[in-house]
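To start, the structure under review is shown below, and the notes come after it.
The values are calculated or read from the model by the stated rules, or taken from the named source; none is laboratory data. Predicted model only: the values in this text are computed from it and were never measured. Glycine gets a Cβ as well: all are built from the backbone with ideal geometry, and neighbour counts include every protein chain shown. Just so you know, the surface numbers come from the protein's heavy atoms only, side chains and all, with ligands and any DNA or RNA stripped out. Shrake-Rupley method; radii C 1.70, N 1.55, O 1.52, S 1.80 Å.
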Amino acid sequence: MVLTLPKAAASIAFRAAWLVLGLGGAACTGSRPAPPAVPLKPLRPATLDQVVAAYDAYCKGTTTVSASGDVDVRDRRTGKGRTLGVRLVATRGGKLYLKGSVAVITAIEVVSDGERFWFQVPSRKTVWTGPATAEAREAGSEDAPYEALRPSDVTSALLPEPLAPAAGETLLLEGDREAFTVTLAASVEGRGLARRRVALDRETLHPVRLRQYDAHGDIDTDVSLTWTAGQTSAVEIRRPVQGYEAAFRFDKLERNVPAPERAFVPRTPPGYSVVEVR
(Lines give C-alpha, C1' and ligand atoms only; values in the text may rest on other atoms or scores of the structure.)
Protein backbone atom coordinates (compact mmCIF):
# COMPACT_ATOMS: atom_id res chain seq x y z
CA MET A 1 0.00 0.00 0.00
CA VAL A 2 1.30 3.45 -0.93
CA LEU A 3 0.91 6.23 1.66
CA THR A 4 -0.26 9.55 0.46
CA LEU A 5 1.87 12.53 1.41
CA PRO A 6 -0.24 13.67 4.37
CA LYS A 7 -0.43 10.11 5.79
CA ALA A 8 3.30 9.52 5.29
CA ALA A 9 4.13 12.74 7.10
CA ALA A 10 1.83 11.80 9.99
CA SER A 11 3.45 8.36 10.29
CA ILE A 12 6.95 9.86 10.36
CA ALA A 13 5.86 12.40 12.98
CA PHE A 14 4.32 9.63 15.15
CA ARG A 15 7.53 7.54 15.09
CA ALA A 16 9.63 10.58 15.81
CA ALA A 17 7.49 11.41 18.82
CA TRP A 18 7.93 7.88 20.22
CA LEU A 19 11.68 8.12 19.65
CA VAL A 20 11.85 11.41 21.55
CA LEU A 21 9.72 10.07 24.39
CA GLY A 22 11.83 6.94 24.59
CA LEU A 23 15.06 8.90 24.71
CA GLY A 24 13.58 11.30 27.20
CA GLY A 25 12.46 8.45 29.44
CA ALA A 26 15.89 6.88 29.23
CA ALA A 27 17.50 10.22 30.01
CA CYS A 28 15.23 10.68 33.02
CA THR A 29 16.01 7.19 34.22
CA GLY A 30 19.71 7.67 33.82
CA SER A 31 19.78 11.03 35.60
CA ARG A 32 17.61 10.08 38.61
CA PRO A 33 19.43 11.34 41.71
CA ALA A 34 20.90 8.81 44.09
CA PRO A 35 19.36 8.58 47.58
CA PRO A 36 21.03 10.84 50.12
CA ALA A 37 23.85 9.34 52.09
CA VAL A 38 22.97 8.33 55.64
CA PRO A 39 25.85 8.66 58.07
CA LEU A 40 26.29 5.49 60.12
CA LYS A 41 27.92 5.87 63.48
CA PRO A 42 30.53 3.29 64.42
CA LEU A 43 29.17 0.17 66.08
CA ARG A 44 29.90 -0.28 69.75
CA PRO A 45 32.19 -3.30 70.05
CA ALA A 46 31.61 -5.88 72.78
CA THR A 47 32.62 -9.47 73.40
CA LEU A 48 30.33 -12.26 74.56
CA ASP A 49 31.76 -11.99 78.07
CA GLN A 50 31.13 -8.24 78.17
CA VAL A 51 27.52 -8.54 77.01
CA VAL A 52 26.77 -11.35 79.46
CA ALA A 53 28.43 -9.40 82.27
CA ALA A 54 26.26 -6.35 81.51
CA TYR A 55 23.09 -8.43 81.57
CA ASP A 56 24.02 -10.30 84.73
CA ALA A 57 24.88 -7.02 86.45
CA TYR A 58 21.42 -5.69 85.57
CA CYS A 59 19.81 -8.81 87.07
CA LYS A 60 21.90 -8.86 90.23
CA GLY A 61 21.57 -5.10 90.72
CA THR A 62 17.81 -5.27 91.36
CA THR A 63 16.26 -7.07 94.31
CA THR A 64 12.84 -5.40 94.47
CA VAL A 65 10.56 -3.44 92.15
CA SER A 66 7.71 -1.16 93.18
CA ALA A 67 5.61 0.33 90.38
CA SER A 68 2.29 1.88 89.45
CA GLY A 69 0.58 2.66 86.14
CA ASP A 70 -1.74 0.78 83.76
CA VAL A 71 -1.88 -2.70 82.32
CA ASP A 72 -3.70 -3.96 79.24
CA VAL A 73 -4.67 -7.63 79.39
CA ARG A 74 -5.55 -9.17 76.03
CA ASP A 75 -6.56 -12.50 74.55
CA ARG A 76 -5.73 -12.40 70.83
CA ARG A 77 -7.73 -15.57 70.11
CA THR A 78 -11.05 -14.16 71.31
CA GLY A 79 -10.46 -10.42 70.95
CA LYS A 80 -11.09 -9.84 74.65
CA GLY A 81 -9.25 -7.02 76.40
CA ARG A 82 -9.36 -4.82 79.48
CA THR A 83 -7.29 -1.91 80.81
CA LEU A 84 -6.65 -1.74 84.54
CA GLY A 85 -4.94 0.68 86.84
CA VAL A 86 -2.20 -1.31 88.51
CA ARG A 87 -0.06 -1.18 91.62
CA LEU A 88 2.56 -3.87 92.22
CA VAL A 89 5.48 -4.89 94.39
CA ALA A 90 7.82 -7.74 93.39
CA THR A 91 10.94 -9.19 94.94
CA ARG A 92 13.51 -11.69 93.79
CA GLY A 93 12.44 -15.23 94.49
CA GLY A 94 9.11 -14.89 92.70
CA LYS A 95 7.26 -12.86 95.33
CA LEU A 96 4.54 -10.59 93.99
CA TYR A 97 1.66 -8.40 95.10
CA LEU A 98 -0.44 -6.94 92.29
CA LYS A 99 -3.69 -5.04 92.50
CA GLY A 100 -5.65 -4.14 89.36
CA SER A 101 -8.53 -1.65 89.52
CA VAL A 102 -11.20 -0.17 87.28
CA ALA A 103 -12.44 3.27 88.41
CA VAL A 104 -10.96 2.68 91.92
CA ILE A 105 -12.88 -0.61 92.25
CA THR A 106 -10.63 -3.64 92.72
CA ALA A 107 -10.93 -6.00 89.75
CA ILE A 108 -8.15 -8.46 90.66
CA GLU A 109 -5.64 -9.03 93.42
CA VAL A 110 -2.70 -11.35 92.91
CA VAL A 111 -0.33 -12.59 95.60
CA SER A 112 2.60 -14.96 95.23
CA ASP A 113 5.04 -16.01 97.94
CA GLY A 114 7.39 -17.63 95.43
CA GLU A 115 6.02 -21.13 96.01
CA ARG A 116 2.29 -20.60 95.46
CA PHE A 117 0.00 -17.92 94.08
CA TRP A 118 -3.47 -16.66 95.02
CA PHE A 119 -5.48 -14.99 92.26
CA GLN A 120 -8.53 -13.18 93.61
CA VAL A 121 -11.40 -11.84 91.43
CA PRO A 122 -13.91 -9.97 93.64
CA SER A 123 -16.61 -9.84 90.96
CA ARG A 124 -16.67 -13.64 90.98
CA LYS A 125 -16.02 -13.99 94.73
CA THR A 126 -13.41 -16.61 93.93
CA VAL A 127 -9.73 -17.18 94.67
CA TRP A 128 -7.66 -19.43 92.44
CA THR A 129 -4.52 -20.89 94.01
CA GLY A 130 -1.77 -23.22 92.89
CA PRO A 131 1.98 -23.58 92.23
CA ALA A 132 3.73 -20.29 91.43
CA THR A 133 4.43 -21.33 87.83
CA ALA A 134 0.81 -22.31 87.11
CA GLU A 135 -1.96 -20.03 85.89
CA ALA A 136 -5.55 -19.20 86.84
CA ARG A 137 -7.07 -20.34 83.57
CA GLU A 138 -10.69 -19.74 84.62
CA ALA A 139 -10.14 -16.35 86.28
CA GLY A 140 -11.25 -14.26 83.31
CA SER A 141 -14.68 -12.77 82.79
CA GLU A 142 -16.77 -12.36 79.64
CA ASP A 143 -14.73 -9.36 78.49
CA ALA A 144 -11.59 -9.44 80.64
CA PRO A 145 -8.90 -12.11 80.12
CA TYR A 146 -7.34 -11.80 83.58
CA GLU A 147 -5.69 -15.17 83.03
CA ALA A 148 -3.17 -13.30 80.85
CA LEU A 149 -1.52 -12.23 84.12
CA ARG A 150 0.47 -15.29 85.14
CA PRO A 151 2.32 -14.32 88.34
CA SER A 152 5.58 -16.03 87.41
CA ASP A 153 5.62 -14.13 84.08
CA VAL A 154 5.37 -10.77 85.86
CA THR A 155 8.14 -11.50 88.37
CA SER A 156 10.52 -12.97 85.76
CA ALA A 157 9.95 -9.98 83.45
CA LEU A 158 10.64 -7.43 86.18
CA LEU A 159 13.35 -9.42 87.98
CA PRO A 160 14.98 -11.79 85.48
CA GLU A 161 17.62 -14.27 86.53
CA PRO A 162 21.24 -14.02 85.31
CA LEU A 163 22.44 -16.19 82.45
CA ALA A 164 24.12 -19.14 84.13
CA PRO A 165 24.79 -21.98 81.68
CA ALA A 166 24.81 -25.41 83.28
CA ALA A 167 26.65 -28.49 82.07
CA GLY A 168 25.64 -29.23 78.50
CA GLU A 169 24.49 -25.65 77.85
CA THR A 170 26.21 -22.98 75.79
CA LEU A 171 25.96 -19.23 75.13
CA LEU A 172 25.85 -17.81 71.60
CA LEU A 173 26.34 -14.15 70.66
CA GLU A 174 25.02 -12.28 67.64
CA GLY A 175 24.85 -8.57 66.91
CA ASP A 176 23.23 -6.08 64.56
CA ARG A 177 23.12 -2.29 64.49
CA GLU A 178 20.45 -2.13 67.21
CA ALA A 179 21.26 -4.86 69.70
CA PHE A 180 23.42 -7.69 70.96
CA THR A 181 21.57 -10.99 71.39
CA VAL A 182 22.71 -13.86 73.59
CA THR A 183 21.07 -17.28 73.35
CA LEU A 184 21.34 -19.89 76.08
CA ALA A 185 20.95 -23.30 74.46
CA ALA A 186 21.19 -26.92 75.51
CA SER A 187 23.39 -28.84 73.12
CA VAL A 188 24.32 -32.48 72.70
CA GLU A 189 26.71 -33.48 69.90
CA GLY A 190 26.13 -30.26 68.02
CA ARG A 191 22.32 -30.32 68.23
CA GLY A 192 20.03 -28.77 70.78
CA LEU A 193 17.23 -26.39 71.76
CA ALA A 194 17.15 -22.76 72.83
CA ARG A 195 16.28 -22.24 76.51
CA ARG A 196 16.52 -18.47 76.86
CA ARG A 197 17.39 -15.50 74.68
CA VAL A 198 18.12 -11.95 75.78
CA ALA A 199 18.72 -8.85 73.67
CA LEU A 200 20.55 -5.75 74.92
CA ASP A 201 20.51 -2.33 73.29
CA ARG A 202 23.85 -2.03 71.55
CA GLU A 203 24.57 1.50 72.74
CA THR A 204 23.38 1.35 76.38
CA LEU A 205 23.51 -2.42 77.04
CA HIS A 206 20.05 -2.15 78.63
CA PRO A 207 17.95 -5.33 78.23
CA VAL A 208 15.21 -4.79 75.64
CA ARG A 209 13.97 -8.34 74.90
CA LEU A 210 13.70 -11.47 77.03
CA ARG A 211 12.53 -14.82 75.71
CA GLN A 212 12.00 -18.15 77.42
CA TYR A 213 11.36 -21.43 75.60
CA ASP A 214 9.61 -24.60 76.66
CA ALA A 215 11.04 -28.10 76.55
CA HIS A 216 10.11 -28.43 72.86
CA GLY A 217 11.82 -25.20 71.79
CA ASP A 218 8.57 -23.24 71.40
CA ILE A 219 8.39 -19.71 72.83
CA ASP A 220 6.82 -19.74 76.28
CA THR A 221 7.11 -16.03 77.06
CA ASP A 222 8.35 -13.09 75.00
CA VAL A 223 9.03 -9.89 76.94
CA SER A 224 9.79 -6.43 75.52
CA LEU A 225 11.18 -3.64 77.71
CA THR A 226 11.01 0.06 76.87
CA TRP A 227 13.45 2.49 78.50
CA THR A 228 12.93 6.20 79.13
CA ALA A 229 15.61 8.39 80.74
CA GLY A 230 17.49 5.32 82.00
CA GLN A 231 14.44 3.72 83.59
CA THR A 232 12.03 0.98 82.49
CA SER A 233 8.82 2.72 81.42
CA ALA A 234 6.93 -0.16 79.79
CA VAL A 235 6.99 -3.96 79.86
CA GLU A 236 4.99 -6.14 77.47
CA ILE A 237 4.63 -9.84 78.22
CA ARG A 238 3.38 -12.13 75.45
CA ARG A 239 2.55 -15.84 75.52
CA PRO A 240 2.20 -16.38 71.76
CA VAL A 241 1.21 -20.05 71.89
CA GLN A 242 -1.84 -19.20 74.02
CA GLY A 243 -2.46 -15.75 72.57
CA TYR A 244 -2.26 -13.90 75.90
CA GLU A 245 -0.66 -10.49 76.36
CA ALA A 246 -0.13 -8.20 79.36
CA ALA A 247 1.27 -4.75 78.56
CA PHE A 248 2.35 -2.57 81.49
CA ARG A 249 2.89 1.20 81.21
CA PHE A 250 4.46 2.64 84.34
CA ASP A 251 3.97 6.15 85.66
CA LYS A 252 6.38 5.38 88.46
CA LEU A 253 8.90 2.60 89.01
CA GLU A 254 11.39 2.27 91.86
CA ARG A 255 14.04 -0.37 92.39
CA ASN A 256 15.52 -1.77 95.59
CA VAL A 257 12.97 -0.18 97.92
CA PRO A 258 11.83 -2.02 101.08
CA ALA A 259 9.06 -4.56 100.43
CA PRO A 260 7.06 -5.62 103.51
CA GLU A 261 6.71 -9.40 103.81
CA ARG A 262 3.04 -9.02 104.74
CA ALA A 263 2.38 -7.93 101.16
CA PHE A 264 3.02 -11.51 100.02
CA VAL A 265 0.68 -13.19 102.52
CA PRO A 266 -2.65 -14.29 100.98
CA ARG A 267 -5.92 -12.85 102.28
CA THR A 268 -9.09 -14.73 101.38
CA PRO A 269 -12.25 -12.76 102.23
CA PRO A 270 -15.11 -14.57 104.01
CA GLY A 271 -17.59 -16.17 101.65
CA TYR A 272 -15.15 -16.55 98.71
CA SER A 273 -14.76 -19.88 96.93
CA VAL A 274 -11.23 -21.28 96.73
CA VAL A 275 -10.31 -23.21 93.59
CA GLU A 276 -7.13 -25.30 93.47
CA VAL A 277 -5.27 -25.01 90.15
CA ARG A 278 -3.74 -28.32 89.10
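Its residue count N fixes a reference of 2.2 N^0.38 Å for the chain, and the Cα radius of gyration divided by that reference is 1.54.
I'd like to check one number: the per residue accessible area of the stretch 224-278, probe 1.4 Å, reported in Å² as a whole number.
Numbers: 3290 Å² over 55 residues.
Here the residues of the stretch 224-278 average 60 Å² of exposed surface.
Report the relative contact order of the chain, percent, no decimals, based on alpha-carbon pairs under 8 angstrom and at least 6 residues apart. Computed over the chain, the figure is 20 percent. Using every pair of separate Cα atoms, the Kirkwood estimate puts the hydrodynamic radius of the stretch 147-198 at 12.8 angstrom.
Over the stretch 115-168, consider all pairs of different Cα atoms and compute the Kirkwood hydrodynamic radius from their mean reciprocal separation; express it in Å, one decimal. Intermediate values should be presented prior to the final figure.
Working: mean 1/r = 0.0785 Å⁻¹.
For the stretch 115-168, the Kirkwood estimate is 12.7 Å.
Relative to the Cα centre, the charge distribution of the chain, modelled as +1 at Lys and Arg Cβ and -1 at Asp and Glu Cβ, gives a dipole magnitude of about 780 debye.
A simple rule links phi to the HN-Hα coupling: the Karplus curve 6.51 cos²θ - 1.76 cosθ + 1.60 with θ = phi - 60°, which for the stretch 218-225 gives 7, 5, 8, 9, 10, 10, 10, 10 Hz, with x for Gly and Pro.
Each 5 Å bin, from zero up to the one with the longest distance, holds this percent of the alpha carbon pairs of the stretch 185-234: 5, 19, 22, 17, 14, 12, 6, 4, 1.
Close amide H contacts of Lys80 (hydrogens built in the peptide plane, cut-off under 5 Å, sequence separation of 5 or more or a different chain): Asp75. Taking amide H atoms as placed 1.01 Å from N in the peptide plane, the amide H of Ser141 lies under 5 Å from those of Tyr146, each 5 or more residues away in sequence or on another chain.
Of the solvent-accessible surface of the chain, computed with a 1.4 Å probe over protein heavy atoms with every protein chain present, carbon and sulfur atoms account for 58 percent.
Peptide packing for 151-164, 183-196 was compared via the average number of neighbouring C-beta atoms within 10 Å per residue; ordered from the highest value, the list is 151-164, 183-196.
Relative to its residue count, the stretch 52-201 spans a Cα convex hull of 153 Å³ per residue.
Percent of Cα pairs in the stretch 228-278 per distance bin of 10 Å, from zero to the largest separation: 16, 25, 37, 20, 2. Measuring max minus min along each principal axis, the C-alpha atoms of the stretch 168-278 give extents of 56, 40, 27 Å (largest first). Near the amide H of Glu135, within less than 5 Å, lie no amide hydrogens of residues on another chain or at least 5 residues away, with H placed in the peptide plane. 3J(HN,Hα) couplings calculated from phi for the stretch 254-261 with the Karplus curve 6.51 cos²θ - 1.76 cosθ + 1.60 (θ = phi - 60°) are, in sequence order, 10, 10, 6, 9, x, 10, x, 4 Hz; Gly and Pro show x. Taking label positions 7 Å along the Cα-Cβ direction at both Val277 and Glu178, the computed distance is 3.2 nm, reported to one decimal.
Cβ-Cβ distance of Lys252 and Thr83, R₀ of 22 Å, FRET efficiency by 1/(1 + (r/R0)^6): the value works out to about 0.80. Approximating the spin labels as points 7 Å out from Cα along Cα→Cβ, the Glu142-to-Cys59 distance works out to 4.5 nm.
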